[in-house]
1. Tally the residues that are in a loop (DSSP other than H, G, I, E, B), in contact with a Leu (Cβ under 7 Å, 6 or more places away or on another chain) and either crowded, with 21+ Cβ neighbours inside 10 Å or not aromatic (Phe, Trp, Tyr) (or both), restricting the search to the range A:73-97.
2. Which pairs have Cβ atoms under 7 Å, sit 6 or more apart or on different chains, and link a residue in the range A:95-106 that is over 13 Å from A:Phe159 (Cα atoms) to one that is assigned to a loop (DSSP other than H, G, I, E, B)?
3. Of all the helices (runs of 4 or more DSSP H) wholly in the range B:132-190, which have at least 3 residues that are facing chain A (nearest Cβ under 7 Å)?
4. So how many residues does the range A:81-91 have that are more than 14 Å from A:Thr201 (Cβ to Cβ) and either touching a helix residue (DSSP H, G or I) at 6+ places or on another chain (Cβ under 7 Å) or at the interface with another protein chain (Cβ under 9 Å from one of its Cβ atoms) (or both)?
5. Given the condition modelled with pLDDT under 90 and either out of contact with any helix residue (DSSP H, G or I) (no Cβ under 7 Å at 6 or more places or on another chain) or aromatic (Phe, Trp, Tyr) (or both), answer yes or no: does some residue in the range B:266-280 qualify?
6. Need pairs with beta-carbon distance below 6 Å; first residue within 14 Å of another protein chain (Cβ to nearest Cβ) and within the range B:70-97, second surrounded by fewer than 18 Cβ atoms within 10 Å (Cβ to Cβ); sequence gap 6+ or separate chains.
7. Please work out if B:Val238 is among the aliphatic types (A, V, I, L, M) and modelled with pLDDT of 80 or more.
8. Pick out, from the range B:340-407, the helices (runs of 4 or more DSSP H) lying fully within it that include 3 or more residues that are touching a residue at least 40 places away in the same chain (Cβ under 8 Å) and in contact with a helix residue (DSSP H, G or I) (Cβ under 9 Å, 6 or more places away or on another chain).
Amino acid sequence: MIIQRPTGSEHSLDAALSIHDLTVAYHRKPVLWDVDLDVPEGSLVGIVGPNGAGKSTLIKAAMDLVPKASGRVMIYGQPYRKQRRLVGYVPQRESVDWEFPVSALDVVAMGLYGRIGWCLPVTRKYRDMALAAMERVGIADLAHRQINQLSGGQQQRVFLARALAQDARVYFMDEPFAAVDAATEKAIVQLLRELRAKGRTALVVHHDLQTVAEYFDRVILLNTRLVAHGPTTQVFTSRNLHETYGGRLNLLDEAAEAIGRQKVTA
Amino acid sequence: MNTPFVWMWDLDGWIIAAGVLCAMSCALLGNFLVLRRMSMMGDAISHAVLPGIAAAFLLSHSRDSAWMFLGAAAVGVLTAVLTQGVHKLGRVDESAAMGVVFTTLFALGLVMIVRAADTIDLDPSCVLYGSLEATPGDLWLLGPWLVPRAVVILAAVFLINLTLVAVFFKELRLTSFDPALADSLGISASAMQYLLMTLTAVTTVASFESVGSIIVIAMLIVPAATAYLLTDRLGVMVTLSLVIAALSSVFGHLSAISVPRWFGYVDTSTTGMMAAVAGLFFGAAVIFSPRQGLVTRWLRRTRMSLRIVRQDVLGVLYRVRELHEQTMPTNVSASAGVDVGKISRAVGIGRVTAAFCLWRLSKTGRIMPDPDGYQLTPTGLEEGRSLVRSHRLWETYLRDHLALPADHLHSPAEKLEHFTGSRMQARLDVETQHPRVDPQGQQVP
């Protein structure tokens, strides 16, 4: 079978996200190598690959958070710095210090800082917007808790509410499902579907191969280079997975993948 | 020899004013340094600015503060830039990079000062250990008032810091908490970093000549670290740190001029005392902090242990009564001589604790003494029953769901029973399918 790769002709201006020839290197060691892909508007995209495959780097490079060695990234046909307002970001939960002296509401309101503008205070209006976002993920009652008093799942929901408050059209989420309880996982899936129904696009770094087929319309298989990208039903095959994980995939994962495929076809 | 100190407004008033302004300027920035885990950046900058001061001095041939500010502020920012550079290019840890940069710059500054010392009057000790006590000696005419130069400069620095921190409060909070999100929103984390570094450099230089470097390092870290222990809101933390800094200065000076005299010595260094008092505040916060303080933790632990012991006492009394019902159904009210000694042995606690718990239990109407010992009141009976019920349900649950052998069931159940509310007990009952007897064959009450 030939590995699916988007060709140059597929690039279009109205793709929510268009990555062209992206290469990123840390200390001259390539982390992403010549990645080329277009993500259509309104899709839920899982980013899958082994540890160190460059999954987080892909979304960080898309948001100009890490320098690119070459290539360009377009959000709705424009470079990121012109489209900040269209992008929402959910970083890895461990990337921040949860002992920081702020309330859950303070953190959610941070998603609005871009809109509030430099040096202007967070007024009542913005606090209400933040609260409404917390309502949507079911944590409005925790608004005034200090963030270290929240459980892991609740902390993840705080980050999701913050991204929702950004009211973006493209969301980048770095492992939102990592170590969350079942209720939070369900809430996140529900939220992703709501976003899709509104024509929003989400790219989600994901580790659990068993749920890829269930949660995502499209999948990006990554291992420094792009192994495959496309609709989950076509691309999420054991052959591609095998190539992505370089034989590191164990029997259990393969079985899970087989189960997942049956669910899709059923 | 043991003369009481004499308070002089012209002298002590100005010393305290300079101390308070300096301490608050440092503490204000310190909040963000501490939260960014960059506490030592203040230390680094306070040393690294030395070549800046020396260079400004050599170039301008004057001790004019304006030149020193510029030189030191430039080197202060350079420290931040170089640290990041060494960290990234040299691929060494950030704190190691900081260590390399500031020691090198500091050494360079010392060399410059010593080289220049032949021709110019600039003494390293006067740069490093400025004397707060000399503050009232150097006066500026400000309108109709004579005000010490250091007070004017430190007041200006404090106002600048206060204004910028107030204006950029939101940005400082975001970039300290989540720099990646800040950058993604277009709020440059490195711009805020350099603003903070510049302010730290300027503050450090302004404080250098009036109070010396040790106090700057102390005030950049200690008040903020103390405030961090006392609250979980950034705004409150900043306010508290200012109060702690001001109090440290006031009490620092007061103790410097009074405490040594109690022991027949002359006054000691005010800046030393300010740092020491700030340290005392920190120590007090470690011990008494409402959330993680040692006292709070000890109280919480003790209160919980006593609650558990009281419940165990009720459990013992319930089991005794149960045994009685089985052996002598006609005489259920008997307490079977359960006294302090028996309780302390059965629960495994000292006699004093046992007596205290029994006293508390009778005071809250759970047990009452009878000629033979103690027996349960209806309230106590219900609580004891509930505890024993939780215990036996847990034993059943652990056997059914974790397949623990029979001799491993008692001790986990003994712990879990104390944390089982009525809702959890109901769920346990459902999940163990309403057992009538526990794995030991005892009835589940």
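The values are calculated or read from the model by the stated rules, or taken from the named source; none is laboratory data. A quick note: this is a predicted structure, and the numbers were derived from the prediction, not measured. Cβ placement follows ideal geometry from the backbone for every residue including glycine, while neighbour counts extend to all protein chains displayed.
1. 2
2. A:Pro101/B:Thr231; A:Pro101/B:Asp232; A:Pro101/B:Arg233
3. Result: B:169-177, B:179-184.
4. So the answer is 4.
5. yes
6. Note: pairs meeting the criteria are B:His87/B:Glu94.
7. When the stated conditions are applied, B:Val238 passes them.
8. B:351-363, B:378-402
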